[in-house]
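This report concerns only the one structure given below.
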Amino acid sequence: LQDQFDNLEKHTQWGIDVLEKYIKFVKERTEIELSYAKQLRNLSKKYQPKKNSKEEEEYRYTSTRAFLATLNEMNDYAGQHEVISENMTSLITGELTRYVQELKQERKSHFHDGRKAQQHIETCWKQLEASKRRFERDCKEADRAQQYFEKMDADINVTKADVEKARQQAQLRHQMAEDSKAEYSSTLQKFNSEQHDHYYTHIPNIFQKIQEMEERRIVRIGESMKTFAEVDRQVIPIIGKCLDEITKAAESIDHKNDSQLVIEAFKSGFEPPGDIDFEDFTQPMKRTISESSLSNSRGDGKYEPKFGGKSKGKLWPFIKKNKGAGPEDFSHLPPEQRRKKLQQKVDELNKDIQKEMDQRDALTKMKDVYIKNPQMGDAASVDQRLAELGQNIEKLRLEVQKFEGWLAEVEGRLPMRTEQARRQSGLYEAQNTSAVNSCAQDRESPDGSYTEEQSQETEMKVPATDFDDEFDDEEPLPTIGTCKALYTFEGQNEGTISVAEGEMLYVIEEDKGDGWTRIRRNEDEEGYVPTSYVEVYLDKNAKGA
(Lines give C-alpha, C1' and ligand atoms only; values in the text may rest on other atoms or scores of the structure.)
Protein backbone atom coordinates (compact mmCIF):
# COMPACT_ATOMS: atom_id res chain seq x y z
CA LEU A 1 0.00 0.00 0.00
CA GLN A 2 3.00 2.29 -0.46
CA ASP A 3 1.11 4.18 -3.16
CA GLN A 4 -2.16 4.46 -1.10
CA PHE A 5 -0.99 6.95 1.45
CA ASP A 6 -3.94 9.33 0.94
CA ASN A 7 -6.51 6.54 1.10
CA LEU A 8 -5.01 5.25 4.34
CA GLU A 9 -5.21 8.71 5.79
CA LYS A 10 -8.93 8.89 4.93
CA HIS A 11 -9.58 5.41 6.29
CA THR A 12 -7.93 6.06 9.65
CA GLN A 13 -9.95 9.28 10.00
CA TRP A 14 -13.10 7.27 9.31
CA GLY A 15 -12.08 4.82 12.06
CA ILE A 16 -11.80 7.66 14.57
CA ASP A 17 -15.22 8.94 13.45
CA VAL A 18 -16.69 5.46 14.10
CA LEU A 19 -15.18 5.44 17.58
CA GLU A 20 -16.60 8.87 18.36
CA LYS A 21 -19.99 7.76 17.05
CA TYR A 22 -19.91 4.76 19.40
CA ILE A 23 -18.98 7.05 22.31
CA LYS A 24 -21.99 9.22 21.48
CA PHE A 25 -24.20 6.12 21.33
CA VAL A 26 -23.08 4.93 24.79
CA LYS A 27 -23.49 8.43 26.20
CA GLU A 28 -27.09 8.60 24.98
CA ARG A 29 -27.70 5.14 26.45
CA THR A 30 -26.47 6.34 29.87
CA GLU A 31 -28.81 9.34 29.65
CA ILE A 32 -31.70 7.01 28.85
CA GLU A 33 -30.79 4.80 31.84
CA LEU A 34 -30.67 7.82 34.15
CA SER A 35 -33.96 9.13 32.83
CA TYR A 36 -35.57 5.70 33.22
CA ALA A 37 -34.23 5.35 36.77
CA LYS A 38 -35.52 8.81 37.64
CA GLN A 39 -38.96 8.02 36.27
CA LEU A 40 -39.05 4.73 38.18
CA ARG A 41 -38.08 6.49 41.41
CA ASN A 42 -40.72 9.17 40.86
CA LEU A 43 -43.29 6.47 40.14
CA SER A 44 -42.39 4.62 43.32
CA LYS A 45 -42.47 7.84 45.34
CA LYS A 46 -45.82 8.87 43.84
CA TYR A 47 -47.56 5.73 45.12
CA GLN A 48 -45.81 5.56 48.50
CA PRO A 49 -48.27 6.09 51.39
CA LYS A 50 -48.27 9.60 52.79
CA LYS A 51 -47.23 9.89 56.42
CA ASN A 52 -49.98 10.41 59.00
CA SER A 53 -52.67 9.81 56.39
CA LYS A 54 -55.47 7.34 55.95
CA GLU A 55 -53.35 5.49 53.39
CA GLU A 56 -50.98 4.33 56.15
CA GLU A 57 -53.83 2.45 57.82
CA GLU A 58 -54.60 0.65 54.57
CA TYR A 59 -51.12 -0.94 54.57
CA ARG A 60 -52.02 -3.38 57.34
CA TYR A 61 -53.53 -5.64 54.68
CA THR A 62 -51.23 -8.19 53.06
CA SER A 63 -52.18 -7.10 49.55
CA THR A 64 -51.30 -3.46 50.20
CA ARG A 65 -48.12 -4.49 52.04
CA ALA A 66 -47.17 -6.52 48.98
CA PHE A 67 -47.78 -3.44 46.84
CA LEU A 68 -45.59 -1.39 49.18
CA ALA A 69 -42.85 -4.03 48.89
CA THR A 70 -43.21 -3.82 45.11
CA LEU A 71 -42.73 -0.04 45.28
CA ASN A 72 -39.60 -0.45 47.41
CA GLU A 73 -38.19 -3.07 45.06
CA MET A 74 -38.90 -0.82 42.09
CA ASN A 75 -36.85 1.84 43.84
CA ASP A 76 -33.95 -0.63 44.10
CA TYR A 77 -34.58 -1.67 40.51
CA ALA A 78 -34.17 1.98 39.49
CA GLY A 79 -30.91 2.10 41.43
CA GLN A 80 -29.50 -0.70 39.28
CA HIS A 81 -30.20 1.33 36.14
CA GLU A 82 -28.31 4.19 37.74
CA VAL A 83 -25.42 1.76 38.32
CA ILE A 84 -25.54 0.82 34.62
CA SER A 85 -25.32 4.49 33.68
CA GLU A 86 -22.45 5.17 36.07
CA ASN A 87 -20.43 2.13 34.97
CA MET A 88 -20.92 2.84 31.28
CA THR A 89 -19.89 6.43 31.80
CA SER A 90 -16.71 5.54 33.68
CA LEU A 91 -15.70 2.32 31.90
CA ILE A 92 -16.68 3.15 28.32
CA THR A 93 -17.43 6.82 27.68
CA GLY A 94 -14.62 8.22 29.81
CA GLU A 95 -12.02 5.67 28.74
CA LEU A 96 -12.84 5.89 25.03
CA THR A 97 -12.84 9.69 25.11
CA ARG A 98 -9.29 9.70 26.47
CA TYR A 99 -8.28 6.99 24.01
CA VAL A 100 -9.63 8.98 21.06
CA GLN A 101 -7.49 11.95 22.04
CA GLU A 102 -4.41 9.73 22.24
CA LEU A 103 -5.33 8.09 18.94
CA LYS A 104 -5.61 11.41 17.19
CA GLN A 105 -2.20 12.46 18.41
CA GLU A 106 -0.62 9.15 17.35
CA ARG A 107 -2.27 9.27 13.92
CA LYS A 108 -1.10 12.83 13.43
CA SER A 109 2.48 11.83 14.30
CA HIS A 110 2.50 8.84 11.92
CA PHE A 111 1.14 10.72 8.95
CA HIS A 112 3.47 13.61 9.67
CA ASP A 113 6.38 11.16 9.36
CA GLY A 114 4.88 9.76 6.16
CA ARG A 115 4.50 13.18 4.60
CA LYS A 116 8.04 14.03 5.62
CA ALA A 117 9.32 10.87 3.90
CA GLN A 118 7.29 11.70 0.81
CA GLN A 119 8.73 15.18 0.71
CA HIS A 120 12.26 13.82 1.09
CA ILE A 121 11.95 11.38 -1.82
CA GLU A 122 10.38 14.07 -3.94
CA THR A 123 13.33 16.37 -3.16
CA CYS A 124 15.81 13.64 -4.15
CA TRP A 125 13.87 13.12 -7.35
CA LYS A 126 14.06 16.81 -8.16
CA GLN A 127 17.81 16.81 -7.54
CA LEU A 128 18.19 13.82 -9.86
CA GLU A 129 16.18 15.51 -12.55
CA ALA A 130 18.27 18.69 -12.25
CA SER A 131 21.52 16.71 -12.46
CA LYS A 132 20.18 14.83 -15.45
CA ARG A 133 19.19 18.00 -17.29
CA ARG A 134 22.56 19.58 -16.53
CA PHE A 135 24.39 16.51 -17.85
CA GLU A 136 22.24 16.56 -20.98
CA ARG A 137 22.90 20.24 -21.54
CA ASP A 138 26.65 19.87 -21.04
CA CYS A 139 26.77 16.97 -23.49
CA LYS A 140 25.02 19.02 -26.15
CA GLU A 141 27.34 21.94 -25.52
CA ALA A 142 30.36 19.65 -25.81
CA ASP A 143 29.04 18.28 -29.14
CA ARG A 144 28.55 21.76 -30.54
CA ALA A 145 32.02 22.83 -29.35
CA GLN A 146 33.52 19.71 -31.01
CA GLN A 147 31.74 20.38 -34.26
CA TYR A 148 32.82 24.02 -34.22
CA PHE A 149 36.42 23.00 -33.60
CA GLU A 150 36.34 20.52 -36.46
CA LYS A 151 34.88 23.13 -38.72
CA MET A 152 37.50 25.65 -37.79
CA ASP A 153 40.26 23.12 -38.21
CA ALA A 154 39.07 22.28 -41.73
CA ASP A 155 38.82 25.89 -42.82
CA ILE A 156 42.18 27.07 -44.38
CA ASN A 157 41.22 30.67 -44.01
CA VAL A 158 41.10 30.43 -40.20
CA THR A 159 44.21 31.27 -38.32
CA LYS A 160 46.00 28.78 -36.22
CA ALA A 161 45.20 30.79 -33.09
CA ASP A 162 41.46 30.61 -33.79
CA VAL A 163 41.73 26.89 -34.34
CA GLU A 164 43.57 26.46 -31.07
CA LYS A 165 41.03 28.53 -29.29
CA ALA A 166 38.21 26.38 -30.70
CA ARG A 167 40.08 23.22 -29.70
CA GLN A 168 40.51 24.43 -26.11
CA GLN A 169 36.82 25.41 -25.97
CA ALA A 170 35.85 21.94 -27.16
CA GLN A 171 38.05 20.31 -24.57
CA LEU A 172 36.53 22.52 -21.84
CA ARG A 173 33.00 21.59 -22.86
CA HIS A 174 33.93 17.97 -23.00
CA GLN A 175 35.36 18.17 -19.46
CA MET A 176 32.21 19.88 -18.22
CA ALA A 177 30.18 17.12 -19.77
CA GLU A 178 32.29 14.53 -18.02
CA ASP A 179 31.85 16.33 -14.71
CA SER A 180 28.08 16.53 -15.23
CA LYS A 181 28.04 12.86 -16.07
CA ALA A 182 29.88 11.99 -12.89
CA GLU A 183 27.52 14.19 -10.85
CA TYR A 184 24.46 12.68 -12.52
CA SER A 185 25.74 9.19 -11.86
CA SER A 186 26.38 9.99 -8.22
CA THR A 187 22.98 11.66 -7.82
CA LEU A 188 21.28 8.72 -9.51
CA GLN A 189 22.93 6.22 -7.24
CA LYS A 190 21.97 8.30 -4.22
CA PHE A 191 18.37 8.62 -5.44
CA ASN A 192 18.10 4.91 -6.06
CA SER A 193 19.37 4.24 -2.58
CA GLU A 194 16.96 6.78 -1.06
CA GLN A 195 14.09 5.43 -3.10
CA HIS A 196 14.89 1.89 -2.01
CA ASP A 197 14.99 2.97 1.63
CA HIS A 198 11.79 4.95 1.15
CA TYR A 199 9.72 2.13 -0.29
CA TYR A 200 11.27 -0.74 1.56
CA THR A 201 12.15 0.74 4.94
CA HIS A 202 10.67 4.13 5.86
CA ILE A 203 7.20 3.84 4.36
CA PRO A 204 6.69 0.20 5.46
CA ASN A 205 7.68 1.14 9.03
CA ILE A 206 5.28 4.06 9.04
CA PHE A 207 2.49 1.99 7.51
CA GLN A 208 3.16 -0.76 10.04
CA LYS A 209 2.70 1.71 12.87
CA ILE A 210 -0.50 3.00 11.27
CA GLN A 211 -1.73 -0.57 10.88
CA GLU A 212 -0.98 -1.36 14.54
CA MET A 213 -2.74 1.85 15.56
CA GLU A 214 -5.79 0.93 13.49
CA GLU A 215 -5.85 -2.62 14.86
CA ARG A 216 -5.65 -1.31 18.43
CA ARG A 217 -8.62 0.95 17.66
CA ILE A 218 -10.61 -2.01 16.34
CA VAL A 219 -9.70 -4.15 19.37
CA ARG A 220 -10.56 -1.30 21.72
CA ILE A 221 -14.01 -0.75 20.26
CA GLY A 222 -14.62 -4.52 20.49
CA GLU A 223 -13.60 -4.54 24.15
CA SER A 224 -15.89 -1.57 24.79
CA MET A 225 -18.77 -3.47 23.25
CA LYS A 226 -18.03 -6.41 25.56
CA THR A 227 -17.93 -4.04 28.52
CA PHE A 228 -21.24 -2.61 27.32
CA ALA A 229 -22.81 -6.04 27.63
CA GLU A 230 -20.95 -6.93 30.85
CA VAL A 231 -22.18 -3.80 32.64
CA ASP A 232 -25.73 -4.94 31.95
CA ARG A 233 -24.94 -8.51 32.92
CA GLN A 234 -23.48 -7.49 36.30
CA VAL A 235 -26.76 -6.01 37.51
CA ILE A 236 -28.91 -8.87 36.24
CA PRO A 237 -28.53 -10.89 39.50
CA ILE A 238 -29.57 -7.90 41.61
CA ILE A 239 -32.46 -7.09 39.29
CA GLY A 240 -33.38 -10.75 39.51
CA LYS A 241 -33.42 -10.48 43.31
CA CYS A 242 -35.69 -7.43 43.06
CA LEU A 243 -38.08 -9.37 40.86
CA ASP A 244 -37.85 -12.38 43.20
CA GLU A 245 -38.77 -10.14 46.14
CA ILE A 246 -41.75 -8.79 44.19
CA THR A 247 -42.83 -12.36 43.49
CA LYS A 248 -42.30 -13.28 47.15
CA ALA A 249 -44.39 -10.27 48.24
CA ALA A 250 -47.15 -11.32 45.84
CA GLU A 251 -47.08 -14.87 47.21
CA SER A 252 -47.31 -13.53 50.77
CA ILE A 253 -50.76 -12.10 50.11
CA ASP A 254 -53.21 -13.86 52.42
CA HIS A 255 -56.82 -13.30 51.39
CA LYS A 256 -58.12 -14.97 54.54
CA ASN A 257 -56.04 -12.71 56.75
CA ASP A 258 -57.18 -9.60 54.86
CA SER A 259 -60.80 -10.66 55.22
CA GLN A 260 -60.29 -11.15 58.95
CA LEU A 261 -58.73 -7.69 59.23
CA VAL A 262 -61.79 -6.20 57.53
CA ILE A 263 -64.01 -8.01 60.02
CA GLU A 264 -61.94 -6.78 62.98
CA ALA A 265 -61.87 -3.25 61.61
CA PHE A 266 -65.59 -2.85 61.04
CA LYS A 267 -67.38 -5.16 63.46
CA SER A 268 -69.61 -3.12 65.77
CA GLY A 269 -70.02 -5.52 68.68
CA PHE A 270 -73.83 -5.49 68.47
CA GLU A 271 -75.78 -8.70 68.37
CA PRO A 272 -78.15 -9.28 65.43
CA PRO A 273 -81.76 -8.20 66.05
CA GLY A 274 -84.28 -10.78 67.16
CA ASP A 275 -87.55 -11.82 65.58
CA ILE A 276 -90.32 -9.24 65.16
CA ASP A 277 -93.37 -9.87 67.28
CA PHE A 278 -96.82 -10.10 65.77
CA GLU A 279 -98.78 -6.88 66.20
CA ASP A 280 -102.30 -7.63 67.31
CA PHE A 281 -104.43 -4.75 66.05
CA THR A 282 -107.55 -6.23 67.69
CA GLN A 283 -106.40 -4.90 71.05
CA PRO A 284 -106.89 -1.13 71.27
CA MET A 285 -104.11 -0.55 73.79
CA LYS A 286 -101.50 -2.16 71.59
CA ARG A 287 -102.64 -0.58 68.35
CA THR A 288 -99.81 1.14 66.55
CA ILE A 289 -100.72 4.70 65.66
CA SER A 290 -99.36 5.25 62.15
CA GLU A 291 -100.00 9.00 62.37
CA SER A 292 -97.84 9.39 65.47
CA SER A 293 -94.88 11.74 65.55
CA LEU A 294 -92.59 8.70 65.79
CA SER A 295 -93.91 7.33 62.51
CA ASN A 296 -93.79 10.75 60.95
CA SER A 297 -90.20 11.20 61.99
CA ARG A 298 -89.37 7.88 60.42
CA GLY A 299 -91.23 8.77 57.27
CA ASP A 300 -89.43 12.12 57.07
CA GLY A 301 -86.08 10.33 56.93
CA LYS A 302 -84.88 11.42 60.38
CA TYR A 303 -84.87 7.89 61.63
CA GLU A 304 -85.76 4.76 59.69
CA PRO A 305 -84.97 1.46 61.39
CA LYS A 306 -84.92 -1.31 58.79
CA PHE A 307 -84.04 -4.89 59.49
CA GLY A 308 -81.15 -5.82 57.26
CA GLY A 309 -81.26 -2.42 55.52
CA LYS A 310 -78.75 0.40 55.43
CA SER A 311 -80.18 2.22 58.43
CA LYS A 312 -78.06 1.99 61.52
CA GLY A 313 -80.93 2.53 63.93
CA LYS A 314 -80.87 -0.91 65.51
CA LEU A 315 -77.21 -1.58 65.09
CA TRP A 316 -75.85 1.78 66.19
CA PRO A 317 -77.74 3.33 69.16
CA PHE A 318 -75.88 6.62 69.67
CA ILE A 319 -76.66 9.16 72.32
CA LYS A 320 -76.46 12.03 69.85
CA LYS A 321 -75.66 12.54 66.21
CA ASN A 322 -72.03 13.58 66.23
CA LYS A 323 -70.39 15.84 63.74
CA GLY A 324 -66.70 16.44 63.13
CA ALA A 325 -64.14 14.47 65.11
CA GLY A 326 -66.67 13.13 67.61
CA PRO A 327 -66.68 13.23 71.43
CA GLU A 328 -63.61 12.54 73.53
CA ASP A 329 -64.92 9.19 74.75
CA PHE A 330 -65.59 7.99 71.17
CA SER A 331 -69.20 7.33 72.09
CA HIS A 332 -70.19 8.00 68.48
CA LEU A 333 -68.56 4.68 67.50
CA PRO A 334 -69.95 1.16 67.81
CA PRO A 335 -68.80 -0.68 70.96
CA GLU A 336 -66.06 -2.78 69.35
CA GLN A 337 -64.62 0.18 67.42
CA ARG A 338 -64.92 2.35 70.50
CA ARG A 339 -63.06 -0.24 72.58
CA LYS A 340 -60.18 -0.31 70.05
CA LYS A 341 -59.96 3.48 69.98
CA LEU A 342 -60.00 3.73 73.76
CA GLN A 343 -57.36 1.00 74.12
CA GLN A 344 -55.21 2.79 71.56
CA LYS A 345 -55.61 6.06 73.46
CA VAL A 346 -54.68 4.38 76.75
CA ASP A 347 -51.56 2.88 75.18
CA GLU A 348 -50.54 6.26 73.75
CA LEU A 349 -51.02 7.97 77.11
CA ASN A 350 -49.00 5.28 78.89
CA LYS A 351 -46.18 5.82 76.41
CA ASP A 352 -46.32 9.56 77.07
CA ILE A 353 -46.20 8.91 80.81
CA GLN A 354 -43.15 6.69 80.36
CA LYS A 355 -41.39 9.41 78.36
CA GLU A 356 -42.12 12.02 81.00
CA MET A 357 -40.93 9.67 83.76
CA ASP A 358 -37.71 8.98 81.84
CA GLN A 359 -37.10 12.72 81.58
CA ARG A 360 -37.84 13.15 85.27
CA ASP A 361 -35.41 10.36 86.18
CA ALA A 362 -32.71 11.91 84.02
CA LEU A 363 -33.20 15.35 85.58
CA THR A 364 -33.20 13.81 89.05
CA LYS A 365 -29.83 12.19 88.36
CA MET A 366 -28.53 15.49 86.96
CA LYS A 367 -29.70 17.26 90.10
CA ASP A 368 -27.88 14.71 92.28
CA VAL A 369 -24.70 15.31 90.28
CA TYR A 370 -25.07 19.09 90.73
CA ILE A 371 -25.58 18.64 94.49
CA LYS A 372 -22.42 16.51 94.78
CA ASN A 373 -20.43 18.74 92.40
CA PRO A 374 -21.72 22.33 92.64
CA GLN A 375 -19.09 23.54 90.16
CA MET A 376 -20.87 21.57 87.40
CA GLY A 377 -24.15 23.46 87.75
CA ASP A 378 -26.89 24.83 90.00
CA ALA A 379 -29.11 22.09 91.40
CA ALA A 380 -31.99 24.56 91.85
CA SER A 381 -32.06 25.25 88.11
CA VAL A 382 -33.78 21.93 87.39
CA ASP A 383 -36.41 22.19 90.14
CA GLN A 384 -38.88 24.09 87.95
CA ARG A 385 -38.58 21.56 85.16
CA LEU A 386 -39.00 18.68 87.61
CA ALA A 387 -42.15 20.30 88.94
CA GLU A 388 -43.49 20.69 85.39
CA LEU A 389 -42.75 17.05 84.64
CA GLY A 390 -44.53 16.00 87.83
CA GLN A 391 -47.60 18.01 86.84
CA ASN A 392 -47.52 16.57 83.33
CA ILE A 393 -47.30 13.02 84.69
CA GLU A 394 -50.21 13.73 87.04
CA LYS A 395 -52.34 15.08 84.19
CA LEU A 396 -51.50 12.14 81.97
CA ARG A 397 -52.39 9.68 84.73
CA LEU A 398 -55.73 11.40 85.14
CA GLU A 399 -56.28 11.07 81.41
CA VAL A 400 -55.31 7.40 81.53
CA GLN A 401 -57.71 6.76 84.36
CA LYS A 402 -60.52 8.55 82.51
CA PHE A 403 -60.02 6.55 79.34
CA GLU A 404 -59.58 3.30 81.28
CA GLY A 405 -62.93 3.95 82.92
CA TRP A 406 -64.58 4.37 79.54
CA LEU A 407 -62.75 1.28 78.32
CA ALA A 408 -64.01 -0.77 81.25
CA GLU A 409 -67.54 0.48 80.53
CA VAL A 410 -67.36 -0.59 76.89
CA GLU A 411 -65.86 -3.97 77.72
CA GLY A 412 -68.74 -4.52 80.13
CA ARG A 413 -71.22 -3.96 77.31
CA LEU A 414 -69.70 -6.34 74.81
CA PRO A 415 -71.69 -9.61 74.41
CA MET A 416 -68.84 -11.95 75.37
CA ARG A 417 -68.09 -10.23 78.67
CA THR A 418 -68.95 -11.88 81.97
CA GLU A 419 -71.27 -10.41 84.56
CA GLN A 420 -68.34 -9.79 86.89
CA ALA A 421 -66.54 -7.76 84.22
CA ARG A 422 -69.73 -5.84 83.58
CA ARG A 423 -70.04 -4.97 87.23
CA GLN A 424 -66.44 -3.78 87.17
CA SER A 425 -67.13 -1.34 84.34
CA GLY A 426 -68.64 1.20 86.74
CA LEU A 427 -65.58 1.34 88.96
CA TYR A 428 -63.41 3.53 86.74
CA GLU A 429 -65.40 6.65 85.98
CA ALA A 430 -65.72 9.80 88.13
CA GLN A 431 -63.29 10.10 91.05
CA ASN A 432 -61.18 12.64 92.91
CA THR A 433 -57.48 13.22 92.27
CA SER A 434 -56.19 10.89 94.96
CA ALA A 435 -58.49 8.12 93.87
CA VAL A 436 -57.32 8.59 90.30
CA ASN A 437 -53.67 8.18 91.25
CA SER A 438 -54.19 5.07 93.36
CA CYS A 439 -56.50 3.47 90.83
CA ALA A 440 -54.22 4.25 87.90
CA GLN A 441 -51.29 2.63 89.69
CA ASP A 442 -53.32 -0.41 90.84
CA ARG A 443 -54.69 -1.04 87.34
CA GLU A 444 -51.44 -0.57 85.46
CA SER A 445 -49.45 -3.71 84.69
CA PRO A 446 -45.62 -3.67 84.58
CA ASP A 447 -45.66 -3.16 80.80
CA GLY A 448 -48.00 -0.17 81.06
CA SER A 449 -51.08 -2.04 79.75
CA TYR A 450 -54.59 -2.12 81.20
CA THR A 451 -55.58 -4.77 83.76
CA GLU A 452 -58.97 -5.68 85.16
CA GLU A 453 -58.25 -5.94 88.89
CA GLN A 454 -61.41 -4.99 90.68
CA SER A 455 -61.03 -2.34 93.39
CA GLN A 456 -62.62 -3.41 96.66
CA GLU A 457 -62.13 -0.04 98.37
CA THR A 458 -64.20 2.42 96.43
CA GLU A 459 -67.42 2.06 94.46
CA MET A 460 -67.45 4.99 92.04
CA LYS A 461 -70.26 6.24 89.90
CA VAL A 462 -70.31 6.82 86.17
CA PRO A 463 -69.38 10.42 85.25
CA ALA A 464 -72.08 12.85 84.43
CA THR A 465 -73.18 12.97 80.80
CA ASP A 466 -75.30 15.17 78.62
CA PHE A 467 -78.41 13.88 80.35
CA ASP A 468 -77.62 15.40 83.77
CA ASP A 469 -79.29 18.72 83.10
CA GLU A 470 -82.43 16.96 81.88
CA PHE A 471 -83.11 15.22 85.21
CA ASP A 472 -82.26 17.97 87.70
CA ASP A 473 -85.30 19.25 89.60
CA GLU A 474 -87.79 17.90 87.03
CA GLU A 475 -91.37 17.02 87.86
CA PRO A 476 -92.57 13.52 86.84
CA LEU A 477 -93.77 13.52 83.26
CA PRO A 478 -97.17 12.07 82.37
CA THR A 479 -97.44 8.75 80.57
CA ILE A 480 -98.19 9.12 76.83
CA GLY A 481 -98.19 5.45 75.87
CA THR A 482 -96.58 2.08 76.36
CA CYS A 483 -93.71 0.20 74.73
CA LYS A 484 -92.35 -3.29 74.47
CA ALA A 485 -88.58 -4.01 74.61
CA LEU A 486 -87.51 -5.83 71.43
CA TYR A 487 -83.97 -6.44 72.70
CA THR A 488 -82.11 -6.40 75.98
CA PHE A 489 -80.40 -3.06 76.61
CA GLU A 490 -77.97 -2.44 79.49
CA GLY A 491 -77.99 1.24 80.32
CA GLN A 492 -74.48 2.12 81.48
CA ASN A 493 -74.48 5.91 81.11
CA GLU A 494 -76.35 8.07 83.56
CA GLY A 495 -79.71 8.96 82.09
CA THR A 496 -80.23 5.56 80.47
CA ILE A 497 -82.20 2.65 81.84
CA SER A 498 -81.68 -1.10 81.43
CA VAL A 499 -84.50 -3.14 79.90
CA ALA A 500 -84.98 -6.85 79.26
CA GLU A 501 -86.30 -8.30 76.02
CA GLY A 502 -90.11 -8.58 76.05
CA GLU A 503 -90.52 -6.21 79.03
CA MET A 504 -93.52 -3.79 78.89
CA LEU A 505 -92.85 -0.20 80.03
CA TYR A 506 -94.46 3.25 79.94
CA VAL A 507 -93.50 5.96 77.45
CA ILE A 508 -93.16 9.44 78.95
CA GLU A 509 -91.29 11.18 76.09
CA GLU A 510 -91.14 10.06 72.45
CA ASP A 511 -88.14 10.20 70.10
CA LYS A 512 -87.28 13.79 69.18
CA GLY A 513 -85.11 12.77 66.26
CA ASP A 514 -81.94 11.85 68.20
CA GLY A 515 -82.72 8.11 68.26
CA TRP A 516 -83.70 7.89 71.97
CA THR A 517 -87.07 7.40 73.74
CA ARG A 518 -87.68 8.24 77.40
CA ILE A 519 -89.51 5.48 79.36
CA ARG A 520 -90.55 4.65 82.92
CA ARG A 521 -90.68 1.34 84.73
CA ASN A 522 -92.15 2.62 87.97
CA GLU A 523 -92.21 5.87 89.90
CA ASP A 524 -88.51 5.62 90.80
CA GLU A 525 -87.04 4.15 87.60
CA GLU A 526 -87.05 6.04 84.32
CA GLY A 527 -84.53 6.87 81.62
CA TYR A 528 -83.65 6.72 77.92
CA VAL A 529 -83.41 3.67 75.69
CA PRO A 530 -82.60 3.48 71.96
CA THR A 531 -85.80 3.89 69.97
CA SER A 532 -84.78 0.98 67.78
CA TYR A 533 -84.79 -1.32 70.83
CA VAL A 534 -88.48 -0.82 71.66
CA GLU A 535 -91.87 -0.97 69.93
CA VAL A 536 -93.91 2.11 70.94
CA TYR A 537 -97.71 2.27 71.33
CA LEU A 538 -98.90 5.87 71.90
CA ASP A 539 -102.29 6.70 73.41
CA LYS A 540 -104.81 8.63 71.32
CA ASN A 541 -105.33 11.21 74.00
CA ALA A 542 -101.59 11.72 74.32
CA LYS A 543 -101.33 12.22 70.59
CA GLY A 544 -104.16 14.70 70.56
CA ALA A 545 -102.60 16.59 73.44
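The values are calculated or read from the model by the stated rules, or taken from the named source; none is laboratory data. Since this is a predicted model, take the numbers as computed values, not measurements. Cβ: placed from backbone, ideal geometry, glycine included. Neighbour counts: every protein chain shown. Please note that ligands, DNA and RNA were not included when accessible areas were found on the heavy atoms of the full protein model with its side chains. Shrake-Rupley method; radii C 1.70, N 1.55, O 1.52, S 1.80 Å.
Some notes on this structure:
- Only one of the numbered conditions (1) open to solvent by less than 80 Å² (accessible area, probe 1.4 Å); (2) assigned to a helix (DSSP H, G or I); (3) among the β-branched types (Val, Ile, Thr) is violated by residue 236, and that is (1).
- Taking the stretch 242-282 as the range and being farther than 30 Å from residue 332 by Cα, of a type in the set (Ser, Thr, Tyr) and modelled with pLDDT of 80 or more as the test, the residues that pass are 247, 252.
- Failed condition for residue 175, given (1) in contact with a helix residue (DSSP H, G or I) (Cβ under 8 Å, 6 or more places away or on another chain); (2) in a helix (DSSP H, G or I): (1)
- Residue within the stretch 343-350 that is assigned to a helix (DSSP H, G or I), among the aliphatic types (A, V, I, L, M) and within 21 Å of residue 389 (Cβ to Cβ) present: yes
- Filtering 95, 136, 129, 150 for residues that are crowded, with 16+ Cβ neighbours inside 10 Å and over 30 Å from residue 257 (Cα atoms) leaves a single hit, 95.
- When 113, 76 are checked against the criterion of being touching a helix residue (DSSP H, G or I) at 6+ places or on another chain (Cβ under 9 Å), surrounded by fewer than 17 Cβ atoms within 10 Å (Cβ to Cβ) and at pLDDT 90 or above, a single residue qualifies: 76.
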